[in-house]
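Below is one structure, written out as structure tokens; the observations come after it.
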Amino acid sequence: MNDAFWRRFLVPGALWLAFFFAVPFGIAIAISFGQAAEFGGVIYGWHPENYADALDPLFAPILLRSVGYAAATALLCLAIGYPVAYTIARFGGRWKNALIALILLPFLINYLVRTYAWVALLSDEGLLSNIAGRPLGIINTPVAVIGGLVYGYLGFMILPIYASLERMDPALIEAGKDLYGGPRQTFWHVTWPQTLPGVLAGALLVFLPAVGDFVSAQLLGGPDTYMIGNLIQQQFYGADNWPFGAALTVVLMAFLMIFVAFFLRGGRSAERREALA
Amino acid sequence: MMLDGNGIGRREFVRGGAGLVLGSSLLTAGCGVGQEKGSEEAVKKVVPAKVDGDLLIFNWTEYMDPKLISGFEDRYKVKVRTANFDSMPSMMAKLRSGNEYDVIFPTADYVNRLVQANMLLQLDREKLKNADTIYSFFDDPWYDAKSAHTVPYAMYTTGIAWRDDKVEGISGSWNDLMNESAKGKVFMLDDFQEGIGQANLLNGFDLNATDPAELAQTKQTLEQQKEYLRGYSTNAAPQLLSGAAWIHHAWNGDIINTRNQAKNKDPEIFKFETCKEGIPVGSDCMAIPVNAKSPGTALLFLDWILDPVNASQNIQYHGYPMPIEGSEDSFAELAADDPAIEVSVDDLESGSQFKELSVVERKAWDRVWTEVKA
């Protein structure tokens, strides 16, 4: 088979990206240079001042809070997700696929509905407070918001780690033991470096949507949990200022892309160091 | 039941969902469907009031008795589907991106916009049998000259709802949002218009104040109030019922809704007051968009809702007074112990109504709101 044949298989993916990413994002960029009309709607034009507005330091604390929540979410997902993926991959046996399916099951339900379930569970008169015998006071706090994000995106951490564990040759662990490595040493010197690509992929897959999330903060948050996603939503559905909302979106995307570039570069050099070590 | 009062607030639910589908409306808007203005001829299309298809109505959640809708389906042998919006801008976004609805429920200030943009069909009141039941105040309202495009739906006001079994020292003022006994159990409406509006009134400014010095002071007020907040929400009923909120900035119909859902709690513990510094009042409408697929059936539907017997039934469900002769007793029953939830035509004339802000003014308000929330 020649390259030309295999290249055809890129077409569906490329079309998908074009229609569901490139075109909508192009529209968002076009709107971001427009002007809010007196009676709502967008007047297209050249108004780069939307970007000057979007870079206002006023939004820095909101962005920092969002990044902080998302970073905490990614770390917690790693702490919870890695042992889960490890257990399933190493000890799942013939139940492996069933266990992975169980992890995916909640994702068949809309994220919004699942977040509402947490409202019911965490509220002052909800299940958890009833069990504890007193109002837990978790809801309407940053803890609840981050908890909602962790729950919402945990699967995105487990799956790539599981995949990289599955890909790993178990003989490597045997080899580590043969070389007198204890369980801890074997894990840090053999398993962890092998699964680092999965960890990095999972961290990105969790962090990126968590930064832009607005559902968790809106439903589980309190007076001081305003995230960048809430601000953007307010521009579209509250203040009726689509151009500004679009400019904020583009700025957020640019920020995240720069972040991803550095993250991946850092990740690669870490992998290289591990490979040399 | 443990889930009592934690029922999914449909208004918030719609809001969350709205964001998730935003992408699709962005797409259609960008494809040029979302035009600035419709044509003037389309607005004047003559439509006979007879069945010409099924209906898709576009409304707030929990704002119309479902039994009225099924009654209409049985009477005219048509299907009626309902879609919901959670805010006026989100309704506008859907309309502008070309979605076709047969009946919509815009607030007065948005009627003005829709009319200017040629997005509403002209209504011939001659074709509505129950048009005579509409209060004469609405013959020529400020938002729609000669009521050419709309019929009124309900009248509402914003105030403070509270749990009488928990809170002490309610004083009939917007300062009650800073009640010491409810500190940390107060919710403000998650709506920048209502939030800034009440703070403007509390400071003695006009409801729609946009003067920078006044807005600076209003921002301070909102920051002081924030110290007492547990959160922002547009979902008063479940918050009050579950005990999350002891005090909730709310619309008058919210309190009826709350009591209707009280189940194992005494409905009388849920109280509502309007505030002495000023009361935001408003009214909303029913209208038929120019691109409605079944405008004839839609006319019949408006007539159905305007029928005084149906209106009386509807009021028991949504809890708001309607400006329809013959529906007064139904509301009076709800308001027997609660004069604060009443809104009269006099209130509409003398009270403060949210005006449509210019783009610059709206930006200034949004900035205050963001600064407070940041």
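The values are calculated or read from the model by the stated rules, or taken from the named source; none is laboratory data. No experiment lies behind these values; they were computed from the predicted model shown. All Cβ positions, even for glycine, are placed from backbone atoms using ideal geometry, and neighbour counts span all protein chains on display.
Pull out all pairs, ordered by first then second residue, where Cβ-Cβ is under 6 Å, the residues are six or more apart or on different chains, the first lies in segment B:90-118 and is at positive phi and buried (at least 24 other Cβ atoms within 10 Å of the Cβ), and the second is among the hydrophobic types (A, V, I, L, M, F, W, C) and outside any helix (DSSP H, G or I).
Final answer for the pair search is none.
If B:K219 satisfies every condition in (1) within 14 Å of chain A (Cβ to nearest Cβ); (2) in a helix (DSSP H, G or I); (3) within 23 Å of the chain's Cα centre (by Cα) but one, which is the exception?
Condition not satisfied by B:K219: (3).
Is it the case, given these coordinates, that A:D169 is among the charged types (D, E, K, R) and in contact (Cβ under 8 Å) with a residue 12 or more places away in the chain?
No; evaluated as a whole, the condition is false for this residue.
State the number of residues belonging to segment A:130-146 that are crowded, with 21+ Cβ neighbours inside 10 Å and more than 9 Å from chain B (Cβ to nearest Cβ).
Final tally of qualifying residues: 3.
Mind listing whichever residues of segment B:314-326 are under 19 Å from the mean Cα position of the chain (by Cα) and either without any contact (Cβ under 8 Å) to a residue 60 or more places away in the chain or farther than 19 Å from B:T274 by Cα (or both)?
Going residue by residue through segment B:314-326, those that are under 19 Å from the mean Cα position of the chain (by Cα) are B:314-324.
If the condition is that a residue be under 19 Å from the mean Cα position of the chain (by Cα) and either without any contact (Cβ under 8 Å) to a residue 60 or more places away in the chain or farther than 19 Å from B:T274 by Cα (or both), then B:N314, B:I315, B:Q316, B:Y317, B:P323, B:I324 are the ones that fit.
Quick one: would you say A:Y116 is closer than 26 Å to A:K96 by Cα, among the hydroxyl-bearing types (S, T, Y) and within 14 Å of another protein chain (Cβ to nearest Cβ)?
Taking the combined requirement at face value, the residue does not satisfy it.
Within segment B:328-336, identify whether any single residue is assigned to a helix (DSSP H, G or I), in contact with a strand residue (DSSP E or B) (Cβ under 7 Å, 6 or more places away or on another chain) and at pLDDT below 95, and answer yes or no.
Pass one, segment B:328-336, residues assigned to a helix (DSSP H, G or I): B:328-334.
From the residues that got through so far, the ones that are in contact with a strand residue (DSSP E or B) (Cβ under 7 Å, 6 or more places away or on another chain) too are none.
Scanning segment B:328-336, I find no residue that is assigned to a helix (DSSP H, G or I), in contact with a strand residue (DSSP E or B) (Cβ under 7 Å, 6 or more places away or on another chain) and at pLDDT below 95, so the answer is no.
Among the helices (runs of 4 or more DSSP H) lying completely within segment B:34-107, list those that include at least 3 residues that are closer than 22 Å to B:Q313 by Cβ and within 14 Å of another protein chain (Cβ to nearest Cβ).
Ranges flagged: none.
Residues in segment A:34-49 that are more than 11 Å from chain B (Cβ to nearest Cβ) and touching a helix residue (DSSP H, G or I) at 6+ places or on another chain (Cβ under 7 Å): how many?
The number of residues fulfilling the criteria is 1.
Just a yes or no: is a residue in segment B:344-355 within 14 Å of chain A (Cβ to nearest Cβ) and touching a helix residue (DSSP H, G or I) at 6+ places or on another chain (Cβ under 8 Å)?
yes
State which residue pairs qualify: first residue more than 18 Å from B:M119 (Cβ to Cβ) and inside segment B:138-152, second residue surrounded by fewer than 23 Cβ atoms within 10 Å (Cβ to Cβ) and of a type in the set (D, E, K, R) in any location, beta carbons under 6 Å apart, and separation of 6 or more residues or different chains.
Correct list of pairs: B:D140/B:K146.
Check whether at least one residue in segment A:214-224 is part of a helix (DSSP H, G or I), in contact (Cβ under 8 Å) with a residue 24 or more places away in the chain and β-branched (V, I, T), and report yes or no.
yes
Which condition breaks for A:R134 when tested against (1) within 19 Å of the chain's Cα centre (by Cα); (2) not in a helix (DSSP H, G or I)?
The single condition A:R134 does not satisfy is (1).
Does segment A:37-50 contain at least one residue that is aromatic (F, W, Y) and surrounded by fewer than 12 Cβ atoms within 10 Å (Cβ to Cβ)?
yes
If you go through segment A:201-232, how many residues are touching a Pro at 6+ places or on another chain (Cβ under 7 Å) and of a type in the set (S, T, Y)?
Of the residues in segment A:201-232, 1 are touching a Pro at 6+ places or on another chain (Cβ under 7 Å) and of a type in the set (S, T, Y).
When segment B:249-278 is examined, which residues are found to be among the β-branched types (V, I, T) and buried (at least 21 other Cβ atoms within 10 Å of the Cβ)?
B:I255, B:I256, B:T258, B:T274
I'm trying to understand the selection: among the residues of segment B:288-298, which are farther than 18 Å from B:M91 by Cβ, assigned to a helix (DSSP H, G or I) and out of contact with any Pro (no Cβ under 8 Å at 6 or more places or on another chain)?
Passing the criteria: B:P295, B:T297.
For residues that are under 17 Å from the mean Cα position of the chain (by Cα) and surrounded by fewer than 23 Cβ atoms within 10 Å (Cβ to Cβ), scanning just segment A:204-246, find the one that is nearest to the other protein chains (Cβ to nearest Cβ).
My answer is A:F214.
Tell me which of these B:E12 doesn't satisfy, since it passes every other one: (1) farther than 30 Å from B:N118 by Cβ; (2) modelled with pLDDT of 55 or more; (3) crowded, with 19+ Cβ neighbours inside 10 Å.
(2)
Take segment B:269-299 and flag every residue that is under 17 Å from the mean Cα position of the chain (by Cα) and among the aliphatic types (A, V, I, L, M).
Listed by number, the residues that qualify are B:I279, B:V281, B:M286, B:A287.
I need the full set of residues from segment B:36-68 which are closer than 21 Å to B:S312 by Cα and in contact with a Ser or Thr (Cβ under 7 Å, 6 or more places away or on another chain), in order please.
Listed by number, the residues that qualify are B:I57, B:N59.
Regarding segment A:28-35, can at least one residue be identified that is exposed (fewer than 12 other Cβ atoms within 10 Å of the Cβ) and either without any contact (Cβ under 8 Å) to a residue 24 or more places away in the chain or within 23 Å of B:A93 (Cα to Cα) (or both)?
no
Evaluate the following for A:I173: is it part of a helix (DSSP H, G or I), at pLDDT below 95 and either crowded, with 17+ Cβ neighbours inside 10 Å or in contact with a strand residue (DSSP E or B) (Cβ under 8 Å, 6 or more places away or on another chain) (or both)?
Values: part of a helix (DSSP H, G or I): yes; at pLDDT below 95: yes; either crowded, with 17+ Cβ neighbours inside 10 Å or in contact with a strand residue (DSSP E or B) (Cβ under 8 Å, 6 or more places away or on another chain) (or both): yes.
Yes: the conditions hold for A:I173.
Got at least one residue in segment A:51-63 being surrounded by 13 or more Cβ atoms within 10 Å (Cβ to Cβ), of a type in the set (G, A, S), facing chain B (nearest Cβ under 10 Å) and more than 22 Å from the chain's Cα centre (by Cα)?
Within segment A:51-63, not a single residue is surrounded by 13 or more Cβ atoms within 10 Å (Cβ to Cβ), of a type in the set (G, A, S), facing chain B (nearest Cβ under 10 Å) and more than 22 Å from the chain's Cα centre (by Cα).
Any idea how many residues of segment B:108-133 are closer than 17 Å to B:Y156 by Cβ and either among the charged types (D, E, K, R) or away from chain A (no Cβ under 14 Å) (or both)?
Going through segment B:108-133 one residue at a time, the tally reaches 2.
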